[in-house]
2 protein chains.
Amino acid sequence: MTVSKTAAADAVKSSRAARKEPAEASAPDTALQLGELSELLGYSLKRAQLRIFEDFLRCVAPLQLTPAQFSVLLLLDRNPGRNQTEIANTLGILRPNFVAMLDGLESRDLCTRVRSTNDRRSHILMLTDKGRAVLARAKKLVATKHEARLNEVLGPANRAALLDMLSKLAREF
Amino acid sequence: MTVSKTAAADAVKSSRAARKEPAEASAPDTALQLGELSELLGYSLKRAQLRIFEDFLRCVAPLQLTPAQFSVLLLLDRNPGRNQTEIANTLGILRPNFVAMLDGLESRDLCTRVRSTNDRRSHILMLTDKGRAVLARAKKLVATKHEARLNEVLGPANRAALLDMLSKLAREF
DNA sequence: TATTGTTATACTCTATAACTATA
DNA sequence: TATAGTTATAGAGTATAACAATA
């Protein structure tokens, strides 16, 4: 320890003396200063991401879909005839971790694995009719509740600009 | 299952037929279509966040600090005399989970817990001299490597705009 | 009775090695 | 031999309940 007990006790008794702000009230329970943290992009990025995912879950709660599950359904709809490795790779999901996820979706009859006739090692993934129906309802909830709220808070132009920058970071950074 | 084996086999044999794009080459291994995924803000947000944290870890690797640990050191520096609950709450860390994190920082002599004389239940957190030194070096690495790279990719004006929007989302959403 | 720090615990995500069946 | 799907497993991160010391 490089901090002496004495210095520690001093700081405990009058922490105001160690701060830069002039001591105003003696109230010891004021809000903390974020300081340089508010300039750290990664910090706000993480906090924003948590909020957005939370809201997504709330908006799509009636369908019991996580953002990850929703992204799988979307991808299967757009890319029929693909196997597990292709879908998982595109979403940044590791193949071993994709197994349980697919088990969950398949057990709810949202998609199916079909052994490929060309290469009997691979499983072609397909949306079921129920999967397509759930996806359609989910898209509607996301558009009318989740993304609509984003537009309210940011405004359409800002929302688009934000999306562009985030996409660029995800791609090029 | 609502998808018959026959329909599945058809899709396997000629998945191009089920797609919207006109079939060009017979190459079965083209890049997948993200589709509506590229318009989902949360998707890009998550991917960008992962990239940014990855880069942060790389830039600060010589100091062996995670983004979360860095944020704790920053907060302790700005807010001396605070206890575990106050620091943890500000960062959105649950108190039970903050214990092991502090154990790690304290075992590396970056900060110390000091029993408060006012309220002997609470531990006042303080940076050690080594903690302050490491924080100073970390700030320099973050500024000159991590945030500098962000400025390169986005440009200073865009970087500022992005930070504003993310902060707003983290606050108001 | 309420709060601080703590332990125990569990659940989700993520990551790696190794197995099987096919190729 | 290489690849697809899988299993097992381990490590983070996150969440809740409950306990001891203190208020």
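The values are calculated or read from the model by the stated rules, or taken from the named source; none is laboratory data. Keep in mind it's a predicted model, so treat the numbers as computed, not measured. Glycine also receives a Cβ, built like all others from the backbone with ideal geometry; neighbour counts cover every protein chain displayed. Side chains included, ligands, DNA and RNA excluded: accessible areas come from the protein's heavy atoms. Shrake-Rupley method; radii C 1.70, N 1.55, O 1.52, S 1.80 Å.
Find the accessible area per residue for region B:66-172; the probe is 1.4 Å, ligands and nucleic acids are left out, and the unit is Å².
Result: 47 Å² per residue.
Could you grab the relative contact order for region A:53-173? Cα pairs under 8 Å, six or more apart, rounded to a whole percent.
25 percent
How large is log10 of I(q)/I(0) for region B:85-125 at q = 0.22, 0.27, 0.30 Å⁻¹ when the intensity is taken from the Debye formula with one equal scatterer per alpha-carbon?
-0.76, -1.02, -1.10
Could you compute the FRET efficiency for residue A:119 and residue B:50, with r as their C-beta to C-beta distance and R0 at 30 Å, rounded to 0.05?
With R0 = 30 Å, the Cβ-Cβ based efficiency is 0.45.
For the B and A pair, go ahead and give the buried accessible area with a 1.4 Å probe, both sides summed, in Å² to 100.
In total, chains B and A hide about 7900 Å² from solvent.
Could you put B:128, A:66 in order of accessible surface area, largest first, with the 1.4 Å probe and the full protein assembly present?
If we order B:128, A:66 from most to least accessible, we get A:66, B:128.
Please compute the alpha carbon radius of gyration of region A:67-172, then divide it by the globular-protein estimate 2.2 N^0.38 Å. Two decimals is fine.
Here the Cα radius of gyration is 1.25 times the empirical estimate.
Per-residue Cβ counts within 10 Å, from other chains only, averaged over A:129-138: what number is that?
Mean inter-chain Cβ contacts per residue within 10 Å come to 1.
Under unit Cβ charges (Lys, Arg +1; Asp, Glu -1), what dipole magnitude, rounded to 20 debye, does region B:66-172 have relative to its Cα centre?
Approximately 160 debye in magnitude.
Quantify how strongly other chains surround peptide A:62-75 by giving the mean number of their Cβ atoms within 10 Å of each of its Cβ atoms.
Across the residues of A:62-75, the mean count of other-chain Cβ atoms within 10 Å is 2.
Could you derive backbone 3J(HN,Hα) for region A:139-144 from the dihedral phi with the Karplus parameters 6.51, -1.76 and 1.60 (θ = phi - 60°), listing whole Hz in sequence and x where the residue is Gly or Pro?
Running phi through 6.51 cos²θ - 1.76 cosθ + 1.60 with θ = phi - 60° gives 4, 5, 4, 4, 5, 7 Hz.
When you look at the Cβ of every residue in A:95-103, what mean number of other chain Cβ atoms sits within 10 Å?
For this peptide, the per-residue mean of nearby foreign Cβ atoms is 0.
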